[in-house]
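Visitor: Once you've had a glance at the structure underneath, I'll fire off some questions.
The values are calculated or read from the model by the stated rules, or taken from the named source; none is laboratory data. Values in this document were obtained by computation on a predicted structure and should not be read as measured data. Please note: Cβ atoms are built from the backbone with ideal geometry, for glycine as well, and neighbour counts cover all protein chains shown. Remember, those area values only see protein heavy atoms, side chains included, never the ligands or the DNA or RNA. Shrake-Rupley method; radii C 1.70, N 1.55, O 1.52, S 1.80 Å.
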Amino acid sequence: MAQEYEQLLLKNQLCFPLYACGRKIVNAYTPYLKPLGLTYTQYVVLMVLWEKESVNVGQLGSTLHLDAGTLTPLLKQFEKKGYITRARSKDDERITVIHITPAGNALKKSCKDIPEKIAQGNLALTKTDAMKLYKLLYKFLEGNNE
């Protein structure tokens, strides 16, 4: 049977394999993060905080491509657990600055082996292919059309 709308075939969509791969990656992290009481989104927030120690909500959202509506409840949970503190910027009270606490930093030790475990068991890519994909995905995220 001829397809009248070829552009609507799932096999012709770039969005679908990106979506499916994203879900597959998040699912691969779940067995490592769940025992720590973390979701993948919480994990990437922690990664930014481990690297920067403090960041404002806008910078965090920009780095992770997440909106405030996603970040605010997560940050409130982290604050309740004692992983972060939130404070208004001294320079501009409209800006909320997030600081990682010693308890938040302590999670780093529990997470340190996760990237290696993911690379060993869940990626059907060579290191070279993984680096190519990494570069292409960031090119897409940054909107570079070079």
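Visitor: Among (1) touching a residue at least 12 places away in the same chain (Cβ under 8 Å); (2) closer than 28 Å to Pro35 by Cα, which single condition is Lys112 missing?
Guide: (1)
Visitor: Any idea which of (1) exposed (fewer than 14 other Cβ atoms within 10 Å of the Cβ); (2) closer than 30 Å to Gly121 by Cα; (3) of a type outside the set (Gly, Ala, Ser) is the one Asp67 doesn't satisfy?
Guide: Result: Asp67 fails condition (2) only.
Visitor: Go through the stretch 74-121 and give me each residue that's closer than 16 Å to Val55 by Cα and hydrophobic (A, V, I, L, M, F, W, C).
Guide: Passing the criteria: Leu74, Leu75, Phe78, Ile84, Ala87, Ile95, Val97, Ile98, Ile100.
Visitor: Now a separate question. Go over the candidates Glu79, Glu51 one by one and state the one that is of a type in the set (D, E, K, R) and under 23 Å from Ile25 (Cα atoms). Talk me through it step by step, then tell me what you get.
Guide: Working: Glu79 fails: under 23 Å from Ile25 (Cα atoms).
Exactly one residue qualifies, and that residue is Glu51.
Visitor: Looking at Ile84, Ile95, can you tell me which residue is exposed (fewer than 15 other Cβ atoms within 10 Å of the Cβ), more than 22 Å from Leu137 (Cα to Cα) and hydrophobic (A, V, I, L, M, F, W, C)?
Guide: Details: Ile84 fails: exposed (fewer than 15 other Cβ atoms within 10 Å of the Cβ).
Unique residue meeting the criteria: Ile95.
Visitor: Let me ask you something else. Cβ contacts < 8 Å: first residue open to solvent by less than 90 Å² (accessible area, probe 1.4 Å), restricted to the stretch 10-31; second residue polar (S, T, N, Q), any location; separation 6+ or different chain. Result?
Guide: Pairs found: Ile25/Asn122; Ala28/Asn122.
Visitor: Which residue is farthest from Asp91 (Cα to Cα), if the candidates are limited to the stretch 46-59 and must be open to solvent by 40 Å² or more (accessible area, probe 1.4 Å) and touching a His at 6+ places or on another chain (Cβ under 9 Å)? Talk me through it step by step, then tell me what you get.
Guide: From the stretch 46-59, those open to solvent by 40 Å² or more (accessible area, probe 1.4 Å) are 47, 51-54, 58-59; that's our starting set.
Applying the additional criterion that residues be touching a His at 6+ places or on another chain (Cβ under 9 Å) yields 53-54.
Details: Glu53: 18, Ser54: 15 Å.
Per the criteria, the residue is Glu53.
Visitor: Which number in (1) surrounded by fewer than 14 Cβ atoms within 10 Å (Cβ to Cβ); (2) within 15 Å of Ala106 (Cα to Cα); (3) among the hydroxyl-bearing types (Ser, Thr, Tyr) marks the one condition that Tyr43 misses?
Guide: Among (1) surrounded by fewer than 14 Cβ atoms within 10 Å (Cβ to Cβ); (2) within 15 Å of Ala106 (Cα to Cα); (3) among the hydroxyl-bearing types (Ser, Thr, Tyr), Tyr43 violates only (1).
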